[in-house]
1. Given the DSSP H assignment, sum -39500 (n - 2.57) over each helix run of at least 4 residues in the chain and divide by its residue total; what's the result at 222 nm in deg cm²/dmol, nearest 500?
2. Give me the dipole magnitude in Debye, nearest 20, for the range 126-185 about the Cα centre, with unit charges on the beta carbon: positive for Lys and Arg, negative for Asp and Glu.
3. Loop only by DSSP, 13 or fewer other Cβ within 10 Å of the Cβ. Give me the GluC sites (Glu not before Pro) in the range 56-145 that pass, ordered by residue number.
4. Tally Lys/Arg at +1 and Asp/Glu at -1 over every other residue whose Cβ is under 10 Å from the Cβ of ILE203; what's the total?
5. Radius of gyration and Dmax for the chain's Cα atoms, expressed in Å?
6. DSSP loop (so not H, G, I, E, B), at most 14 other Cβ within 10 Å: list which GluC sites (Glu not before Pro) in the range 304-344 pass both filters.
7. What is the angle, in °, between the Cα long axis of helix 160-186 and the longest principal axis of the Cα atoms in the chain? Nearest 10 is fine, range 0 to 90.
8. What does a probe at GLU121 reach in the range 173-204, counting residues whose amide N is under 17 Å from the point 7 Å along Cα→Cβ?
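Just so it is clear, none of the values below were taken in a lab; they were calculated from the coordinates. Here the structure is a predicted model, which is why all the values come from computation and not from measurement. Note that each Cβ is placed from the backbone with ideal geometry, even for glycine, and that neighbours are counted across all protein chains shown.
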Amino acid sequence: MKNFYKIQMLKHLAGIIALAFFISLASCSSKTDQPSIDEISADSNTENGIDLTNNQFESSQMKLGKLEMRDFHQIVKANGMFDVPPENKATISTYFGGTVKSIHLLPGEEVKMGQLLFTLENPDYVQLQQDYLEAKGKLAFLKSDYERQKNLFKDNVTSQKNYLQAESDFIVTQVKLESLSKKLNLMGINSNELSIENIRTIITINSPISGFVTAVNITKGAFLNPSQTAISIVDADHMHLELNIFEKDLTKVRVGQSIQFRIQEDRSQLYNAYVHLVNKTVDPEKRIIGIHGHLSDENLDSKFKPGMYVEADILTTSESKFALPKEALVEAEGKYYVLVLSNKSDEGFSFEKMEVETGLSNNEFVEILNIDDFKENSQFLIKGAFNLITE
């Protein structure tokens, strides 16, 4: 009988232990299923209210900001290209035809002022040098005869006819010699150094400016005619903008106004220039007028090449307006919204979604028209608002 009671007590004790074990499991399960602070915050968002924890705010690299005064410009659209002044361009030709004897140039190659570009050969060059040396030798005799006839005429020893003939021969030969000297100089031959010993059949063509070769139109052995373009050279040290605007915008543009422009190769980068000259005539067919612009930073000259296409904005009138960064505004169904900080506590941030009316804009900021709808010193979520509003 006593054994029976012992067995019953042991069963009862085992039941109590089992019950305590299940209660412990249930308690652990309850703690595991409890939502995190982040999940509670997400669930607590209303239609126009959004709550964020400090961890959410920092991990998403969000940022707060206020309305600030920003300058907005009325702009005139323009397009055009890079160019260089006329004095920075050279089209190489020759006054005297000849066969190309040597040339070692390629487009894009850099040349210096006075550098040898190519050589020409022609037997006619010899004839010019011969004529010059003959006239030079003859002039010494004619000068002596002229002076002799002049003295004889004074003494009434010779006739006036002989004197005038000697004077004429001397002057004619002197003019011929000077003319031949100029021609030789155009050929690159120094007439003062020319002698029988250094007569040549080859002349050299040198570069008149420093720059880069843009075109080579001759080959070795080809005959180059006078005035035929052989080589083109451009000095890109002074790049400028040649822009076009429509006739209707002419009254808005004046010298000194700022220009912001982009190039096709890198549309993300914005560069600065200013209006240097405004053309005085309008194209009668296209109804456009030319604008000459200079770069604000001349150190950028080497970045651009003549002929590169540009799209530009000429900044005209300027106004200061209250604005927010573009990233702070989110468009939805044709309207713009921002997130305004309504509360900040140790747990996190609370934001209210509000509609804004927009005005002028530039590359970074947008004018806010309904600033009276916000409290003074209101803070806005200026970075990270897009995902929160569109979700």
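1. -9500 deg cm²/dmol
2. Dipole size: approximately 80 debye.
3. Answer in residue order: GLU109.
4. Local net charge: +1.
5. Looking at the chain, its Cα Rg and Dmax stand at 44.8, 188 Å.
6. Here the sparse-neighbourhood loop sites are GLU333.
7. Value to nearest ten degrees: 20.
8. 199-204
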